[in-house]
Amino acid sequence: MYQALYRKWRPKTFSDVIGQPHVTETLRHQLTAGRISHAYLFIGTRGTGKTSCAKILAKAVNCENLQDGDPCNTCPACVGIESGGILDVEELDAASNNGVDHVRALRDEAVFTPAVVRKRVYIVDEVHMLSTAAFNALLKILEEPPAHLMFILATTEAHKVPATILSRCQRYAFRRVGASDIAGRLHAVAAAEGLELQEDAGRMLARLADGSMRDALALLDQCATDRAIDVPLVQEFVGLTGTEEVAKLLTAIGGQDVDGALGIVNGLYYAGRDMGALLGELGTLLRDVLLTQIAPGGANDLLSGSFDRGVIEPFTSLPPETLLFALGQVTDAMGALARSTNRKLTVEITVIRLCDVQLSENIDALQARVARLEQQVATGAPVQVRQAPTVQALVAEPEAEDELPPWDVPPPPETDHSEEQLVPIEPPAPVANTPPASGDGVWRQILDKVQPQLDMSIFSLISDSKEVTTTLDSGSCNIYIENDFTRLMVETPEVLAAIEKAAAEVMGKPIRAKVHAGSPAGEPPINKLDALTQKGFGNITIK
């Protein structure tokens, strides 16, 4: 039966582990010196060798013929652990066994002496998934373990592991594997499997793996065919766009060619290219161009390597502000793709905003527009200005030709200003403050705005005209409430903030909401009995 490459080529010894010498050399030295800890915690991203090193360490502490810190893989203990036949070495997945009952069962079993090997080893993967009660149950045995017991914990999120667990383990941080190390390993595996992997294709697979050796082997397995594995084959099988198409898209965006940019996106979409990969490659190209501009000294070490200098150079004339704005838009769009039901539409909206910066209103867009205008002025290129529609285009022509429309005013007669004397301008007369108005219609509009933001019980209180009276003036909304309970429910900061926000939207200016006890000045207090009498209850008369 066929076995996946990442399983078939899993490291068997510490020497086979790629890109983690700081971990493997330390563990080999401990094994050689006989200074083995009872608990280890391996931290790192996916595919960096945490579980592989845990299995190698479990074999090494039980190996009968240890070879310079590496297990021999030939003795009964190594063969039995590798095949899973020795039950004293157990691998657990904390994601599916995260309850306190699972840890209690493990703790009760761990006290027994191993039957076949020297050490009973528990490898707990994704340990951060354990519940709080499970961590507490594990804590005691980690603090005072039997001499025959060893725990090897592995996690991708160390910040979720309690400090009490961290302090009882030796911690080893696994780094992302370098692209050159991954490419070398891929070529060795391809040669052993009889695959023809070209150099540039190997580098592309190494970059796509993003530091994960397991992902790189899975991608190589995906691209394995009878023909040579080259860059076009990798792009086709993985769903990448390709440097040429991404460069064409950025050229159209830089030239504000909306039609051309949308045409490229449409063609790539129907060619089966992944929209997320398209945005990722566009963001990588924008990043490389920006780094070439702002960090020319260290750009060679910082560049992604996905695009060569010939592709990057034509875009170095773009202003850094424009590149930063474009990177922000692409990053936001990549986050929105996970929630989008129409991925193509999300990419198209992003491309339209990149082509026409005036459609965005944030500060980055404004800086990008200013930088583009400065560049056009410096190079002498024509500046395109979006013209606002004229009044004549918005208003229909009058029916009678002899009637002048109100905006077509004849010019004033020419006057001679040679002997004009300065006449002091009198300041305008102060405008008297208008008294507050009840504003029932405005208050109803405010209630309509604030209804979705309040609890129904609160809204029913403030919308009761028998209980609440309001007056509105230029800068405040006065709310008069006689009932103490109603007033206490309304004058909370949350309710007042919601009313002020709704009033500002209706009035078009900041409004402050104030709650007062009683009735407005000059009005008699509301008599609830009179209100009920006026309302009436059919044939019932209230005296």
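The values are calculated or read from the model by the stated rules, or taken from the named source; none is laboratory data. The structure presented is a predicted model; accordingly, all values stated were derived computationally and were not measured. Methodologically, a virtual Cβ is constructed for each residue, glycine included, from the backbone with ideal geometry; neighbour enumeration extends over all protein chains shown. All accessible areas refer to the heavy atoms of the entire protein, side chains included, with ligands and DNA or RNA removed. Shrake-Rupley method; radii C 1.70, N 1.55, O 1.52, S 1.80 Å.
Would you mind stating whether Ala192 is surrounded by 14 or more Cβ atoms within 10 Å (Cβ to Cβ) and more than 23 Å from Glu90 (Cα to Cα)? The answer is no for Ala192. Annotation note: Cβ proximity below 7 Å between a residue of segment 473-487 that is on the phi < 0 side of the Ramachandran plot and a residue that is crowded, with 17+ Cβ neighbours inside 10 Å and part of a loop (DSSP other than H, G, I, E, B) (sequence gap 6+ or interchain) occurs for Gly475/Ile511; Ser476/Ile511; Cys477/Ile511; Ile481/Glu467; Glu482/Ile526; Asn483/Glu467; Thr486/Glu467. Counting the residues of segment 170-219 that are in a loop (DSSP other than H, G, I, E, B) and without any contact (Cβ under 8 Å) to a residue 40 or more places away in the chain gives 5.
For segment 79-123, the candidate set comprises residues that are in contact with a Ser or Thr (Cβ under 7 Å, 6 or more places away or on another chain) and not aliphatic (A, V, I, L, M); within that set, the residue that is least open to solvent (accessible area, probe 1.4 Å) is Gly99.
Residue check: Gln293 meets all listed conditions (1) surrounded by fewer than 18 Cβ atoms within 10 Å (Cβ to Cβ); (2) in contact with a Ser or Thr (Cβ under 9 Å, 6 or more places away or on another chain); (3) under 22 Å from Val347 (Cβ atoms) but one, namely (3). Within segment 108-147, being in contact with a strand residue (DSSP E or B) (Cβ under 9 Å, 6 or more places away or on another chain), part of a helix (DSSP H, G or I) and not charged (D, E, K, R) holds for Ala110, Val127, His128, Met129, Leu138, Ile141, Leu142. A search for C-beta distances below 9 Å between a residue of segment 127-153 that is more than 15 Å from Thr164 (Cα to Cα) and any residue that is open to solvent by 40 Å² or more (accessible area, probe 1.4 Å) and part of a helix (DSSP H, G or I), counting only pairs 6+ apart in sequence or on different chains, returns Met129/Lys160; Ile152/Lys55. At least 3 residues being at pLDDT 90 or above is the threshold, and among the helices (runs of 4 or more DSSP H) wholly inside segment 279-339 those reaching it are 320-337. Out of the residues in segment 21-76 meeting the condition of being β-branched (Val, Ile, Thr), outside any loop (DSSP other than H, G, I, E, B) and under 20 Å from Leu142 (Cα atoms), tell me which one is nearest to the chain's Cα centre (by Cα). That would be Ile43. Applying the condition of being touching a Leu at 6+ places or on another chain (Cβ under 9 Å) and in a helix (DSSP H, G or I) to segment 8-20 and asking which residue is least open to solvent (accessible area, probe 1.4 Å) yields Phe14.
Selection over segment 1-13 of residues that are under 36 Å from the mean Cα position of the chain (by Cα) and in contact (Cβ under 8 Å) with a residue 24 or more places away in the chain gives a count of 6. Quick check on my filter: what residues within segment 64-78 are under 21 Å from Thr24 (Cα atoms) and surrounded by fewer than 23 Cβ atoms within 10 Å (Cβ to Cβ)? Listed by number, the residues that qualify are Glu64, Asn65, Leu66, Gln67, Asp68, Gly69, Asp70, Cys72, Asn73, Thr74. Each residue in segment 94-115 was checked for being in contact with an Asp or Glu (Cβ under 7 Å, 6 or more places away or on another chain) and within 14 Å of Ser131 (Cβ to Cβ), and 2 of them qualify. Taking the listed residues Ile36, Ile56, the one that is touching a helix residue (DSSP H, G or I) at 6+ places or on another chain (Cβ under 8 Å), open to solvent by 10 Å² or more (accessible area, probe 1.4 Å) and more than 16 Å from Leu217 (Cβ to Cβ) is Ile36, with no other qualifying.
Which residues, taken from segment 458-485, are polar (S, T, N, Q) and over 15 Å from Lys514 (Cβ atoms)? Correct list: Ser460, Ser463, Ser465, Asn483. Only one of the numbered conditions (1) farther than 26 Å from His29 by Cβ; (2) open to solvent by 60 Å² or more (accessible area, probe 1.4 Å); (3) under 32 Å from the mean Cα position of the chain (by Cα) is violated by Arg175, and that is (1).
I'd like to know if segment 249-261 contains one or more residues that are within 30 Å of the chain's Cα centre (by Cα), under 30 Å from Thr316 (Cβ atoms), touching a residue at least 24 places away in the same chain (Cβ under 8 Å) and assigned to a loop (DSSP other than H, G, I, E, B). The answer is yes; a qualifying residue exists. Exactly one residue out of Val124, Val103 is modelled with pLDDT under 90 and within 38 Å of the chain's Cα centre (by Cα), and it is Val103.
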